[in-house]
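Peer 1: Following this message is one structure expressed as structure tokens.
The values are calculated or read from the model by the stated rules, or taken from the named source; none is laboratory data. Being a predicted model, the structure only gives us computed values, none of them experimental. FYI the Cβ positions are ideal-geometry reconstructions off the backbone, even for glycines, and counts take in every protein chain you see. Only protein heavy atoms, including side chains, enter the accessible area calculation; ligands, DNA and RNA are left aside. Shrake-Rupley method; radii C 1.70, N 1.55, O 1.52, S 1.80 Å.
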Amino acid sequence: MKRSITQCMQLVGWVAGVSLLCSCTPQQPIRQVVDSNVVAPAFPEEYYRHAEIQGKRILRVDGKQSMVVLEVRRAGPFAHLGHDHVVASHDVSGFVAPDAGRADLSVPLDKLVVDEKDLREEAGFGTQPTPDDIAGTRHNMLTKVLESQRFPLALIHIIERNTTQRDAAMLDVTITLHGVSRTFSVPSIVQRTSDRMVVAGRMQFRQSDFGIVPFSILNGAIRVEDALALRFRIVATRDNR
């Protein structure tokens, strides 16, 4: 019984691809859907390259130092028979235009990593899925839900609001996934120098914000929480090549 339920719970991993986009439980993060009808954009690389040619300061995201992590939590009276999941991206790319208060990030879905041991420990998850469980979760996430061959990227467009605090900012973050875009207000911590920027924050959103019905079996006896927790740390530096 334990085995069959666990295999069913592998399907819950699909929700983790939303992002971007976390292994720390949020402390009642601010959440606000600003615009629910945004047309899915193409990645605006040309904007940053043109700005750079004009002599404007452009930073590039350092994928080795940046990370987006998402927690997927189980629920229901029989939740103890399954696993919570952590999904992470270590391959974030993109650009930051600090003087314009703008950034655009890209997350390749086929490189998402599921249930890394350290991230599970940081999240406080007490169970450890088997390698087969992890592989099954990742396969179902990419093929059956995210359709990563058809929608290979999650795009994140960020606008920084005016703020009087040097090390804090309120960001309007538009996440585009699977052809759907949603915009959220996200409080963040920002460290800035002329050649480097580090932005860290956490947010909470619902699967239903993206038209996704949370996975459920046995009439809800085992299900996935609609609310997901996400955290990010994005490092961008001047390209000195």
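Peer 1: How far apart, in nanometres, would the label points at Ala221 and Arg206 be if each is projected 7 angstrom from Cα along the Cα-to-Cβ direction?
Peer 2: 2.7 nm
Peer 1: Still on this structure: Can you sort Arg57, Arg238 by 1.4 Å-probe accessible area, starting with the largest?
Peer 2: The ordering from most to least exposed comes out as Arg238, Arg57.
Peer 1: Take the solvent-accessible surface of the protein heavy atoms, probe 1.4 Å, and return the percent of it on segment 95-230 that carbon and sulfur atoms account for.
Peer 2: After summing per-atom areas, the C and S share lands at 51 percent.
Peer 1: HN-Hα J couplings of segment 58-65 from phi, Karplus 6.51/-1.76/1.60, θ = phi - 60°, integer Hz, Gly and Pro as x?
Peer 2: Each residue's phi maps through the Karplus curve to give 10, 10, 10, 5, 8, x, 6, 9 Hz.
Peer 1: Write down the accessible area per residue of segment 54-109 in Å², having rolled a 1.4 Å probe over the full set of protein chains.
Peer 2: Per-residue value: 35 Å².
Peer 1: In what order, largest first, do Met170, Met141 sit by accessible area if the probe radius is 1.4 Å?
Peer 2: So the residues, ranked largest to smallest area, are Met170, Met141.
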